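The values are calculated or read from the model by the stated rules, or taken from the named source; none is laboratory data. Keep in mind that this is a model prediction, so the values were computed, not measured. Using ideal geometry, Cβ is built from the backbone for each residue, glycine included, and neighbour counts are taken over all protein chains shown. Note: areas computed on protein heavy atoms with side chains; ligands, DNA, RNA excluded. Shrake-Rupley method; radii C 1.70, N 1.55, O 1.52, S 1.80 Å.
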Amino acid sequence: MAHGGSEEEQRSLKALKLLLERGDALAVDHRAMAGEVEALKARAKALAGREAGEKFDERKQAHLARMTKRTSAVHVDVDELYRDAEEAFPDHVAVNDLLTQAEQRMTDARVGQHVADFNQRFGLDRWDYAIAGSCGLVGAMFDLLCVSPPPKPTTAWTKKVDGVFNRGVQQAFNKLLPPDLSAALAEANKIGSADASTVAKLVGAPPGSLNPRNHRLRGLAHDPVLGFLFGVLDMMRGTCTVVGNDGIKVLEGEKGPAGTGVFGSLGRMFGHLLSDINAPSGKGNRGMGLPAPFMGILRMFNGIPVGRSDLGKQVEYMYVNGYDFRQFAVTNIPALIMEVVMRTSYAAEQFKRASQPIGQALVETLPARMNPRFRVMLAIGYGCMSGVNAGRMYVTRNIMTLNYAAWMGLVWNGFHALKWALLDRHLKLWEGIEAAEVGAIERVVNQLDGLERRVERLPC
């Protein structure tokens, strides 16, 4: 506990200690008075006859009548209280000096019970670890068995690709975004310089900044998430925001602004991104669609070694060899299966072991209302899935087998789980203890207010 080092804290502690001692003294006097009153009542009852009883009733009624009138209670002067406390306790007073050993034990027991309840709600047990680990391995199994590396961009647009999930995603995109629809969307949603594919279309662009093969990766307007920010800005400014080895650069375009206001630019940006997801190349091949979310940002981390290369070069190698948004969608399927199985298992476990309704348990797994306990489970599950995926890449010596969705899930949920373990857990625990203790103090204050109202009705 804190020992109250400041002068103001010492004044408060000494005043509290003086009030406690006065209260203890009053309690002793009240117990003695109560004993004497009970004795007098017993004697009066034994001696009272009919006439005495009638007089007693009259006096009782008169006494009750006087109690209907309220008188102001005498309040202690605060400054005088501080002076008396300083005279009574000239030495240093600690917080523990205000509590008896029994009260300290009660306080420790109360805090301990709150901690136990907190751990029961937010702490993981062996079943949670088992569910998280096994679900992660289930996701890894589907990734191994049903996901294949992406085909080359030169593969014919209509050729069936390898992998169960790869074929399913290919069929879905080919049905939803056929070539004629992609071409119509591209024609209706031009974005000007933000869609530059060569440095010739930009003013003062360094050589090698863009080329037709990598412009969708390096141009942040084509990021499925960041494009709605950088793409709109580029359209309204007539620029092209490019990611290279030396970071992010904003390059002037030759065409000038192409935006139609914020909302109009957002709509045009959405239509343009749709047109690029599954558009075939001019030769009728798969081509290179949109990059995976945030993939372009990774291009500038060329200082992180990856084997004999670096992260930036490896990211670009993956993209130009076919690892685009379509492959990202494929890798999301094992992750989605893993999360569905984990949520179902968590709800069933909470229903069986904690008697929690299934609906309430499922609500705790939703992003907006997620129980930190389940967040940690997700981090463990994605950790297992990513670990198996890392082993697959090491054994096959093929970075194209990377499960981008699993690693994104590990980074996102791992960050929140680590933040919970190092910071938020302790804050939430002590906020709960503080709220419980403040609530107890408020109840005592309410009792004191009620006692004051009773005192005001006592006859003078």
Every residue from region 214-226 that is touching a residue at least 60 places away in the same chain (Cβ under 8 Å) and crowded, with 16+ Cβ neighbours inside 10 Å: ASN214, ARG216, LEU217, ARG218, GLY219, LEU220, HIS222, ASP223, PRO224, LEU226
Residue match in region 164-176 (condition: closer than 22 Å to PHE328 by Cβ and either of a type in the set (Asp, Glu) or not in a helix (DSSP H, G or I) (or both)): no
Region 405-427: number of residues that are without any contact (Cβ under 8 Å) to a residue 60 or more places away in the chain and under 22 Å from PHE118 (Cβ atoms): 12
Members of region 292-303 that are touching a residue at least 24 places away in the same chain (Cβ under 8 Å) and open to solvent by 30 Å² or more (accessible area, probe 1.4 Å): PHE294, ILE297, MET300, ASN302
Only listed residue being out of contact with any Cys (no Cβ under 6 Å at 6 or more places or on another chain), modelled with pLDDT of 85 or more and either of a type outside the set (D, E, K, R) or on the phi > 0 side of the Ramachandran plot (or both), chosen from TYR82, TYR129: TYR129
Of residues in region 81-104 being touching a helix residue (DSSP H, G or I) at 6+ places or on another chain (Cβ under 8 Å) and not in a helix (DSSP H, G or I), the one surrounded by the fewest Cβ atoms within 10 Å (Cβ to Cβ): HIS92
Helices (runs of 4 or more DSSP H) wholly inside region 196-309 containing at least 1 residues that are aromatic (Phe, Trp, Tyr) and within 30 Å of GLN171 (Cα to Cα): 262-277
Residue among VAL330, VAL306, VAL340, VAL376 that is surrounded by fewer than 17 Cβ atoms within 10 Å (Cβ to Cβ) and modelled with pLDDT of 95 or more: VAL340
Out of LEU137, LEU181, sole residue that is under 36 Å from the mean Cα position of the chain (by Cα), modelled with pLDDT of 95 or more, of a type outside the set (Asp, Glu) and surrounded by fewer than 19 Cβ atoms within 10 Å (Cβ to Cβ): LEU137
Unique match (being in contact (Cβ under 8 Å) with a residue 12 or more places away in the chain, over 29 Å from GLN10 (Cα atoms) and not aliphatic (A, V, I, L, M)) among PHE142, PHE89: PHE142
Which numbered condition ASP324 misses (of (1) modelled with pLDDT of 95 or more; (2) under 26 Å from MET235 (Cα atoms); (3) touching a helix residue (DSSP H, G or I) at 6+ places or on another chain (Cβ under 7 Å)): (3)
Verdict on ALA186 being free of Cβ contacts under 8 Å to residues at least 60 places away in the same chain and either open to solvent by 20 Å² or more (accessible area, probe 1.4 Å) or closer than 30 Å to ALA361 by Cβ (or both): no
Top-ranked residue of region 255-267 - restricted to ones that are under 18 Å from LEU226 (Cβ atoms) and under 33 Å from the mean Cα position of the chain (by Cα), ranked as least open to solvent (accessible area, probe 1.4 Å): SER265
Subset tally (residues that are surrounded by fewer than 19 Cβ atoms within 10 Å (Cβ to Cβ), among the aliphatic types (A, V, I, L, M) and within 32 Å of the chain's Cα centre (by Cα)) for region 230-254: 2
Selection status of LYS190, at negative phi, out of contact with any helix residue (DSSP H, G or I) (no Cβ under 7 Å at 6 or more places or on another chain) and assigned to a loop (DSSP other than H, G, I, E, B): yes
Selection status of GLY432, open to solvent by less than 90 Å² (accessible area, probe 1.4 Å), within 22 Å of the chain's Cα centre (by Cα) and modelled with pLDDT of 95 or more: no
PRO149 at negative phi, outside any helix (DSSP H, G or I) and surrounded by fewer than 13 Cβ atoms within 10 Å (Cβ to Cβ): no
